[in-house]
Amino acid sequence: MKIKAKFAWIFVAACMLFFVCRPASARPANPAQDQGAAQTQSVQKDKQQNAERSSGKEIGKGGEDIGKGAGKGAESLGKGTAGAAGNLVTLHPGHAAADLGKGAAGAGKDVGVGTGKGVAKIGKGSAKGIGKLGKKIFGRGGKNNKESDVNSIE
């Protein structure tokens, strides 16, 4: 009975190994591509990387900058408060006040810088979006403007 059980386990393991490895060996690891297609793909990627961000992405980055500024400000305030608490415990009230002031000033600076950068990016993204909307509404930048002008004159 033990020999049959061992044989069954070996058979199951061999079958699983065969079926698991089979799809990987059915196709080549690096399929052949002609070099012309590979070059055009890399050129297209370069063009996409150089393109400007869309209005939605610009607004999103602005929100990200505001969040970063708030995070850095909270960190600075926390460090200043912790330093002040440590100095109060060791009976150095002058140093405690200085640390608390530094923390508060650093927090204000970080929040202000982050908010300023974020609002600028949000404004830029909103302007892009409004510009695209205006072009769609007033029909500027269309392909066949000359043909429509010629037909309206005749």
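Rg(Cα) of segment 69-125 divided by 2.2 N^0.38 Å?
Details: Rg = 14.5 Å, N = 57, 2.2 N^0.38 = 10.2 Å.
It is 1.42.
Say the cut-off is 31 Å between C-alpha atoms; which of LYS61/LYS102; LYS61/LYS136; LYS61/LYS132; LYS57/LYS109; LYS68/LYS136; LYS72/LYS124 go over it?
Details: LYS61/LYS102 29 Å; LYS61/LYS136 25 Å; LYS61/LYS132 19 Å; LYS57/LYS109 26 Å; LYS68/LYS136 35 Å; LYS72/LYS124 23 Å.
Long pairs (Cα-Cα over 31 Å): LYS68/LYS136.
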Exercise. Roughly how much of GLU52 is accessible, in Å² to the nearest 10, using a 1.4 Å probe?
Worked result: 150
Exercise. Say each of SER126 and PHE138 gets a label point 7 Å from the Cα, pointing the same way as Cα to Cβ; how far apart are those two points in nm?
Worked result: 2.0
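The values are calculated or read from the model by the stated rules, or taken from the named source; none is laboratory data. This structure is a prediction, so every number in the text was calculated from the model and none was measured. Don't worry about glycine lacking a Cβ; one is built from the backbone with ideal geometry, like all the others, and counts go over all protein chains shown. Remember, those area values only see protein heavy atoms, side chains included, never the ligands or the DNA or RNA. Shrake-Rupley method; radii C 1.70, N 1.55, O 1.52, S 1.80 Å.
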